[in-house]
Amino acid sequence: MCGIVGLFLKDKALEPELGGMMAGMLSTMCDRGPDSAGFAVYGAGDEGRVKLTLRARKPDFDLGKLAETVSHQIESHIAFTDHGNHAVLVVAADKADEARAAITALGGDDVQVFSSGTRIEIYKEIGRPNTVADRFHLENMSGSHGIGHTRMATESAVNAAGAHPFSTGMDQCLVHNGSLSNYAGLRRQLQRKGMTFQTQNDTEVASVYLTWRMQQGASLGEALESSLEDLDGFYTFVVGTENGFGVLRDPIACKPAVMAETDDYVAFGSEYRALAGLPGVDKAKVWEPEPATVYFWERH
Amino acid sequence: MDVVDLEKTPLRDFNQALHDLAGKSDEASFQVLNPRGKHAVASGIDAPAYVEIEGSVGYYCGSMNKQATVVVNGSAGVGLAENIMSGIVHVKGDASSSAGATGIGGMVVIDGNASSRCGISNRGADIIVKGNVGHMSAFMAQAGNLVVLGDAGEAFGDSLYEAKLFVRGNVKSLGADCVEKEMKDKHKKLLRELLDKAGIGPEVDVSEFKRYGSARQLYNFKIDNLEAY
């Protein structure tokens, strides 16, 4: 099954409310995906700095200490924000690749990097989605847009890395309801092109596919269009970029989707229940996204 | 009219109260507040009740309905009036996939659009959509009628049996074994009756509609195909 929620704010004044609105939406989707959950929030960011969201796989692993060691190694300041077993490290953009390499070298299997980008932060954990949202205080987060997912696993193991969103490019993320059937072959093709994978998950293949297409010069819209040709299976995707928010359903459109738009926001839910608590939803334009049609909103 | 606030009354209790009306002839009526997209609201009624829902509902609203009239002043999720037996389910907004699926009798009226698979496997219900219907609508529909005042999506009427389909707008593509058929006087008469029953006046002219039905090439047993069985 799986549940998706997404929120893209048009009214900047609502940005402090983003996390609170998303937490409410995510909680209503618990019974569509009770095994694990995750969310991406596009919050504040500075040009010239890159945010890395890390997760420690063992509870006693000290991410603060890791950040300090990495900072010494790359000879550049790293701002560290603790979120329990997750942490956000902010590093100078020109040192980001070096920092990431050092994290992998020092942390090994004990550390997962869930996202990197100017504004994106991703939090993923096993457990009931409302518990995951509470644990990372989603309700207190602010931002311009965010995407959440409640997972009922089918294609790979239930663990934090297999939860959605998947981020495989700077400030990009993807969540998925459905299952892909040609992902093993597509993964081999993408690996031959030099793309790398962290999990056995089908959604990660879709995410890497979009990242690869965009590396080839496609816009997100073009990348999504081409996925209609190259991905086989069931999917409703919601994607995020630094400034944008997109939706795509496969041509059969078995996986549910409903959207609401007002002057203040665009919202996505797997079911209307997820949207029912949003301010002004009674007056919103509510519709079901068409199959095989790319929807995309961008803030300017 | 009894007012039921689903923020206060558990949905199971309300549905149970509706089920308890079975076998009673008094016409109970309910106004339902705060449905907030809940699933299976007013499902499985078997009584001449009237239920008016103020807001949007989730999956399977009014499903398996017998005798009752269910009105939704909002939109409906997947499987609206699924397996309707009799009575009327009327949605003032849009309906998601598989509206009126597998219905045996009764009427489903959707004032807005219905998405994919509207009237899939219809077995005798009358489904009237004032807007458009999505792809694969009337798939394998066996009996009953589907009337679309707007447009129909791809693969309309695929693998159709004997349901009658009427479309006023464009059909994006016809499914396997679905063909346009002549609109005879008896079909115009039937269509007029269906529109009247759905409360649609003479401003909608039956001569603007095209009729579609089964070419009967797919579902007939043919001795030539014996080896395929």
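Derivation of every value follows stated rules applied to the coordinates shown; laboratory data play no part. As the structure is a computational prediction, the values presented were derived from the model and not from experiment. Note: ideal-geometry Cβ built from the backbone for every residue, glycine included; neighbour counts use all protein chains shown.
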Kindly give the semi-axes, whole Å and largest first, of the ellipsoid equivalent to region B:2-216, taking each as the square root of 5 times a Cα gyration tensor eigenvalue.
30, 16, 15
Charges at C-beta only: +1 for Lys and Arg, -1 for Asp and Glu. How large is the resulting dipole of region B:2-216 about its Cα centre, in Debye rounded to 20?
580
Projected label distance in nm at A:Asp110 and A:Lys58, using a 7 Å step from Cα toward the beta-carbon
0.6
Can you give the helix-only mean residue ellipticity at 222 nm for chain B, where every DSSP H stretch with n ≥ 4 adds -39500 (n - 2.57) and the sum goes over all residues, rounded to the nearest 500 deg cm²/dmol?
-3000 deg cm²/dmol
What does the charge count near A:Lys283 come to, summing +1 for each Lys or Arg and -1 for each Asp or Glu among other residues with Cβ under 13 Å from its Cβ?
-3
Nothing charged except the Cβ atoms of Lys and Arg (+1) and of Asp and Glu (-1): what's the magnitude of the dipole of region A:3-56 about its Cα centre? Round to the nearest 20 debye.
120
Give me the base-10 log of I(q)/I(0) for region A:22-160 at each q in 0.12, 0.16, 0.19, 0.20 Å⁻¹, Debye formula, one uniform scatterer per Cα, rounded to two decimals.
-0.48, -0.82, -1.09, -1.17
Of every Cα-Cα pair in region B:39-115, the percent that sits beyond 18 Å
21
Euclidean distance of C-alpha centroids, region B:133-165 and region B:1-68, integer Å:
28
Provide the three semi-axes, in whole Å and in decreasing order, of the ellipsoid equivalent to chain A as defined by the square roots of 5 times the Cα gyration tensor eigenvalues.
28, 22, 18
In whole Hz, with x marking every Gly and Pro, tabulate ³J(HN,Hα) for region A:186-194 from phi via Karplus 6.51 cos²θ - 1.76 cosθ + 1.60, θ = phi - 60°.
5, 4, 4, 4, 5, 4, 5, 8, x
For region A:49-118, the Kirkwood Rh over every pair of distinct alpha carbons, in Å, works out to 11.5
Expressed in nm², what is the orientationally averaged projection area of the convex hull enclosing the Cα positions of region B:71-113?
2.3
Value of Rg/Rh across the protein assembly as shown [Cα atoms, Kirkwood radius]:
1.04
Likely footprinting exposure, A:Cys30, B:Cys61, fewest C-beta neighbours within 10 Å first
A:Cys30, B:Cys61
Using +1 at the Cβ of each Lys and Arg and -1 at the Cβ of each Asp and Glu in region A:1-89, identify which of A:Leu63, A:Met29, A:Leu89 lies farthest towards the dipole's positive end.
A:Met29
Of the listed links A:Lys10/A:Lys255; A:Lys255/B:Lys38; A:Lys124/A:Lys285; B:Lys172/B:Lys222; A:Lys12/A:Lys124, those spanning more than 20 angstrom between alpha carbons are A:Lys10/A:Lys255; A:Lys124/A:Lys285; B:Lys172/B:Lys222; A:Lys12/A:Lys124
Would you mind pulling out the separation of the Cα centroids of region A:124-184 and region A:229-273, in Å?
14
Report the charge-dipole magnitude of chain A in Debye, nearest 20, computed about the Cα centre from +1 at each Lys and Arg Cβ and -1 at each Asp and Glu Cβ.
440
What are the extents of the Cα atoms of region A:150-300 along their three principal axes, in Å, largest first?
50, 33, 28
